[in-house]
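I have placed the structure first, in the form of structure tokens, so that the comments after it can refer back to it.
Only the coordinates and a few stated rules stand behind these numbers; no lab work does. It should be emphasised that the depicted structure is a prediction, and the values quoted were computed from it without experimental measurement. Here the Cβ positions follow ideal geometry from the backbone for every residue, glycine too, while neighbour counts run over all protein chains shown.
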Amino acid sequence: MSTASIGRAYEYKVRNDLVTFGWVPIMRAAASKGPADLILAHPFHGVALVQVGSKSKTLGPDDRARLVTAAHLCSALALLAVVIPREPIRYWSVTRDVPSAWTEWSPAA
């Protein structure tokens, strides 16, 4: 399986997970070069811009700034979804700060 196929599968897995919590898929950015892979909306939480990755996914300062800036412009949540096979998806609320300072986010809240 290619890296692109794995990435696409992870994006669909995240999308499907969020749908179970009432989120509505708005857009998937295929071969994303932009700040987010997915955009979803929720009737109470609003919009979320989601960057999807695996355990080794890192968002450097420039990538964090792009995601957070785009989320701010859209009045959206900036999220990183980490997919590890056979484990629950973990979501992190992304800020401009270093990843160790981020808080875990739950779609059920």
- Note on the structure: In the chain the DSSP beta bridges are antiparallel at a rate, in percent to nearest 5, of 70 percent
- Please report how far the C-alpha centroid of segment 37-109 lies from that of segment 1-26, rounded to the nearest whole angstrom. 13 Å
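Give, rounded to the nearest 20 debye, the magnitude of the charge dipole that the chain has about its Cα centre when Lys and Arg contribute +1 at Cβ and Asp and Glu contribute -1 at Cβ. Kindly include the intermediate steps, with their values, before the conclusion.
Working: 12 positive and 8 negative charges, 45 e Å.
About 220 debye.
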- Item | Chain lengthening between T3 and A108 when straightened (0.36 nm per residue, less Cα-Cα) | 34.8 nm
- Note on the structure: For the chain, inverting the pair-averaged 1/r of distinct alpha-carbon atoms gives a Kirkwood value in Å of 13.8 Å
- Query: Which of the peptides 99-108, 59-68 is most tightly packed, and how do the rest follow, going by the mean number of other Cβ atoms within 10 Å of each residue?
  - Reply: 59-68, 99-108
- What ³J(HN,Hα) values, in whole Hz, does the Karplus curve 6.51 cos²θ - 1.76 cosθ + 1.60 give for segment 81-90 when θ = phi - 60°, with x put for Gly and Pro? 9, 9, 9, 10, x, 6, 10, x, 5, 10
